[in-house]
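First up is the structure itself, then whatever we jot down about it.
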There are 2 protein chains.
Amino acid sequence: MSHRQLHLNLFLMGVGHHEAAWRHPRTDPADLGSIRHFQRLARTAEAAAFDSVFLADGVEGPDPSARSNAWVGHFEPFTLLSALAVSTERIGLIGTVSTGFTEPYNLARQFASLDHISGGRAGWNIVTSAGDRAARNFNRTANQDHAVRYQRADEYLRVATDLWDSWEDDALVFDRQSGQALRPGSLHELAHEGEHFQVLGPLNIPRPPQGYPLLVQAGSSEDGKDFAARWAEAVFTAQQTLAEGRAFYADLKARARSHGRSDDSIVVLPGVVPVLGSTEAEAKALDAELDDLITPERAVRTLSSLLGVDLTDHPLDQPLPPLPPVSAINGAKSRFELVRDLAERERLTLRQLIGRLGGGRGHQVVAGTPEQLADHIELWFTQGAADGFNIMPPLLPDQLDHFAEHVVPILRERGLFRREYTGRTLREHYGLPRPANRLAALAANHQ
Amino acid sequence: MSHRQLHLNLFLMGVGHHEAAWRHPRTDPADLGSIRHFQRLARTAEAAAFDSVFLADGVEGPDPSARSNAWVGHFEPFTLLSALAVSTERIGLIGTVSTGFTEPYNLARQFASLDHISGGRAGWNIVTSAGDRAARNFNRTANQDHAVRYQRADEYLRVATDLWDSWEDDALVFDRQSGQALRPGSLHELAHEGEHFQVLGPLNIPRPPQGYPLLVQAGSSEDGKDFAARWAEAVFTAQQTLAEGRAFYADLKARARSHGRSDDSIVVLPGVVPVLGSTEAEAKALDAELDDLITPERAVRTLSSLLGVDLTDHPLDQPLPPLPPVSAINGAKSRFELVRDLAERERLTLRQLIGRLGGGRGHQVVAGTPEQLADHIELWFTQGAADGFNIMPPLLPDQLDHFAEHVVPILRERGLFRREYTGRTLREHYGLPRPANRLAALAANHQ
């Protein structure tokens with residue numbers, strides 16, 4: 001039995017990760033707007049000792065002119081995760097927030113506040129936000145270029161981490177006798193003057209229990225991987241084959257090393273969509289049933305946007321037309337390549353591609369028995385492709401309940417996954433250290 | 001017995017509204033960072049059937065160079081109030097957020113999310129934020145002028161309310177058969193192109209249960225009162241005498257009428273600091289004990305900033321020096337006038353003024369028995385100076401517990417305050433209507 005342990009994250013994707021989940025009789029679409037539903041999901045994941053739950057996010061509404069809209073409806077991350085913080089005790093709470101459309105001061109204090117409320121369980125999934133529609137909600141006519149977005153993100157991270165460091169850990173003294181609440185010299189201004197941001201500091205809330213929230217990232221473009229190698233402590237990724245998964249894993253760890261970081265300092269979590277049945281046939285039937293619920297018109301529109309080519313009038317039973325070069329994509333570059341390669345490798349028609357993407361949106365779909373899914377997880381975990389998994393149940397809560405009840409016990413039997421929590425903070429769950437305070441060290445050196 | 005009922009809001013000011021509260025043996029300074037403390041306060045207020053709790057806010061940290069810092073330590077409003085939303089069932093949750101340093105799209109969806117999570121209990125205390133230190137955390141070298149801040153706030157409110165209206169109330173249909181989640185034509189773009197904001201819309205979350213969160217305002221300058229008359233549904237205010245309170249009340253209702261609004265459409269809530277004892281002497285002793293805990297050095301610095309004049313070397317036992325004209329104040333203009341008038345009217349020395357401001361920060365301090373406080377409340381309520389009160393206990397939870405246990409029963413005996421909740425939403429508690437959807441009406445007119 002290995003001492004290396006799997007990490008498991010639950011993707012809180014409304015009533016399920018499958019794009020047609022809300023049409024399936026095992027879900028209730030009203031759950032999309034129900035805080036009780038999300039409380040139930042988080043508590044189920046916590047009872048199974050998952051490391052964390054995770055909320056994706058975007059900052060644009062549905063296009064009113066689209067003829068067929070499936071609202072994937074989400075609560076806003078800080079508000080939802082704060083509600084979940086006091087509804088749970090141990091599980092980590094990871095929220096997606098964009099560096100493109102927020103101010104570092106606001107974001108740093110919201111995450112600090114969430115980390116204080118949860119007793120050290122906050123994580124930030126850092127995104128730069130693609131798409132012109134999002135930009136047009138924030139005083140811009142179009143989004144910034146991919147490279148500029150990552151430059152801004154890099155400066156943003158410097159400012160945010162410095163803001164978390166702007167209070168030394170022992171700043172609060174509350175000396176009633178003298179009336180001194182704060183230890184003199186324990187707070188620091190940043191006086192940051194950069195290309196994108198000018199921020200004075202200090203923050204107006206003490207350093208978070210974890211030092212920083214756990215820093216998570218999911219971009220897999222070249223810019224994205226470089227950014228991850230510098231900043232990320234956990235990485236969500238979409239990998240279709242074991243070979244691709246191993247290559248990505250090795251590449252990311254090597255990039256981290258080139259920044260002076262150890263292999264253990266970055267946790268790689270591929271996504272997997274578990275479509276579970278008590279037999280393989282039952283699982284495959286559920287998978288097919290879900291794909292039959294996809295509305296082709298909407299799926300084609302989504303795919304057109306992803307691939308940068310209008311597929312609206314393309315025959316469903318033909319292969320894809322020629323695609324633009326990746327350099328022309330100013331959105332999710334790595335997802336573009338993944339879908340392009342998948343379609344080419346398996347010579348898929350447009351209809352087949354839609355089916356493959358409806359459940360996984362680019363992630364592995366494993367339709368099978370709990371044993372088969374456990375085999376898949378163990379293979380990737382032991383063959384250098386994963387430190388754990390981002391679990392994306394296609395139907396919620398249904399398929400999470402199946403996973404917790406049937407897959408988790410097998411992983412435990414095999415010595416791969418914890419039977420109970422050993423730590424209290426999200427960093428402790430992932431085996432990651434609490435960061436030292438850079439500004440405190442600087443101040444000490446100047447004395 | 002009148003059918004007109006008092007409204008009560010609890011000001012969630014850390015361990016107490018008195019600036020030296022944390023030094024008093026009846027508080028625990030660790031409560032400042034404890035979510036359990038705030039949960040306890042909200043539940044106590046809810047058990048007493050208060051209309052709402054309220055969190056003040058600012059976006060600047062303590063000045064590291066100050067020799068004596070009393071951290072008033074606050075959680076960030078959206079995160080704290082979301083945690084309280086699932087810790088309570090009926091009480092309203094009002095958070096202060098600045099129009100100066102946030103994007104309307106982010107704010108509108110965070111309030112919408114809080115309103116959904118709480119089942120219609122969110123309120124927004126709208127501030128424009130004074131002070132250059134805050135501005136320097138947000139890419140500015142100095143704050144905008146008072147008038148510009150209010151112009152921006154006015155446009156901000158137009159955008160935010162339109163974003164809440166960008167989903168019609170019956171937009172969600174979830175037709176599983178057709179795959180249509182949203183009713184066609186039920187979502188609207190704003191395509192707002194203004195002086196301060198360009199926002200496309202729609203929002204990415206359905207219309208809040210209350211339509212909009214309750215709109216609250218606390219600025220009492222001319223700009224502030226005009227803004228309140230246009231937008232605010234509840235107003236927090238600091239008034240020292242019954243005559244001033246009546247004049248403010250009448251003025252605000254008249255301004256609201258000039259915008260075509262009824263007197264009932266705006267609820268006026270002066271602040272009151274209840275310093276309670278079982279005898280008047282006991283209450284006065286507590287009041288004196290608290291004032292003795294004020295650190296004069298820090299209080300003088302705070303007052304210098306408020307009055308726009310450096311009082312650091314001014315003798316504590318002399319009256320104030322000449323003050324600048326109110327036109328020179330780019331911060332809280334009405335608070336400047338209140339403090340200036342208080343000092344002149346009562347011929348206070350600097351030391352006396354500090355004592356008067358330490359507990360109330362400009363608000364009425366009533367040190368007495370529960371009967372005496374109830375008399376004060378009834379007088380203001382029946383004499384045209386208040387629709388209710390913003391209750392600011394100097395020590396928390398201690399003085400809230402006293403208020404709930406001893407003052408609330410007297411108010412009920414007198415028929416002034418509800419025995420239990422009759423509504424479910426914050427708007428219902430305050431007797432305010434759910435706003436109609438402006439964009440839906442516009443769209444209907446164009447058909």
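The values are calculated or read from the model by the stated rules, or taken from the named source; none is laboratory data. All values reported here derive from a predicted model rather than from experimental measurement. Cβ: placed from backbone, ideal geometry, glycine included. Neighbour counts: every protein chain shown. Areas reflect the complete protein model, heavy atoms only, side chains present, ligands, DNA and RNA absent. Shrake-Rupley method; radii C 1.70, N 1.55, O 1.52, S 1.80 Å.
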*Does residue B:328 fit the bill of being open to solvent by 40 Å² or more (accessible area, probe 1.4 Å), over 30 Å from residue B:228 (Cα atoms) and modelled with pLDDT under 95?*
no
*Is it true that residue B:87 is open to solvent by 10 Å² or more (accessible area, probe 1.4 Å), hydroxyl-bearing (Ser, Thr, Tyr) and within 12 Å of chain A (Cβ to nearest Cβ)?*
yes
*When residues of segment B:148-191 are limited to those that are more than 10 Å from chain A (Cβ to nearest Cβ) and not in a helix (DSSP H, G or I), the one nearest to residue B:214 (Cα to Cα)*: B:165
_Need the failing condition index for residue A:6 against (1) within 30 Å of residue A:332 (Cα to Cα); (2) at the interface with chain B (Cβ under 9 Å from one of its Cβ atoms); (3) at pLDDT 95 or above, just the number._
(2)
*Which of the residues that make up segment B:74-112 are under 16 Å from residue B:153 (Cβ atoms), of a type in the set (Gly, Ala, Ser) and over 17 Å from the mean Cα position of the chain (by Cα)?*
B:108
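Whether any residue in segment B:108-130 is of a type in the set (Ser, Thr, Tyr), more than 9 Å from chain A (Cβ to nearest Cβ) and open to solvent by less than 10 Å² (accessible area, probe 1.4 Å) is what I want to check. Can you show your working first?
The first filter runs over segment B:108-130 and keeps only residues of a type in the set (Ser, Thr, Tyr), leaving B:113, B:118, B:128-129.
Those left that are additionally more than 9 Å from chain A (Cβ to nearest Cβ): B:128-129.
From what is left, the residues that are open to solvent by less than 10 Å² (accessible area, probe 1.4 Å) are none.
The answer is no; no qualifying residue exists.
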*Which condition does residue A:101 not pass, out of (1) under 17 Å from residue A:134 (Cβ atoms); (2) touching a residue at least 12 places away in the same chain (Cβ under 8 Å); (3) more than 7 Å from every other protein chain (Cβ to nearest Cβ), if it passes all the others?*
(3)
*Conditions: (1) closer than 23 Å to residue A:16 by Cα; (2) open to solvent by 60 Å² or more (accessible area, probe 1.4 Å); (3) out of contact with any His (no Cβ under 9 Å at 6 or more places or on another chain). Residue A:306 meets all but one. Number of the miss?*
(2)
*Residues that are part of a loop (DSSP other than H, G, I, E, B) and either more than 10 Å from every other protein chain (Cβ to nearest Cβ) or modelled with pLDDT under 95 (or both), drawn from segment B:16-49*: B:16, B:17, B:18, B:19, B:20, B:26, B:48, B:49
*Take residue A:60 and decide whether it is open to solvent by 20 Å² or more (accessible area, probe 1.4 Å), more than 8 Å from every other protein chain (Cβ to nearest Cβ) and outside any strand (DSSP E or B).*
no
*Which ones in segment B:1-52 are under 17 Å from the mean Cα position of the chain (by Cα), more than 27 Å from residue B:420 (Cβ to Cβ) and among the small types (Gly, Ala, Ser)?*
B:14, B:16
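Matching residues to (1) farther than 30 Å from residue A:358 by Cα; (2) surrounded by fewer than 22 Cβ atoms within 10 Å (Cβ to Cβ):
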site	(1), (2)
B:134	yes, yes
B:147	yes, yes
B:155	yes, yes
B:173	no, yes
B:177	no, yes
B:202	no, no
_Residues satisfying the stated conditions in segment B:238-270, i.e. modelled with pLDDT of 95 or more and open to solvent by less than 20 Å² (accessible area, probe 1.4 Å)_ = B:245, B:248, B:252, B:253, B:256, B:266, B:267, B:268, B:269, B:270
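Tell me, which helices (runs of 4 or more DSSP H) lie completely within segment A:365-421 with 1 or more residues that are over 21 Å from residue A:242 (Cα atoms)?
Once the helices (runs of 4 or more DSSP H) in segment A:365-421 are filtered for at least 1 residues that are over 21 Å from residue A:242 (Cα atoms), what remains is A:398-402, A:408-413.
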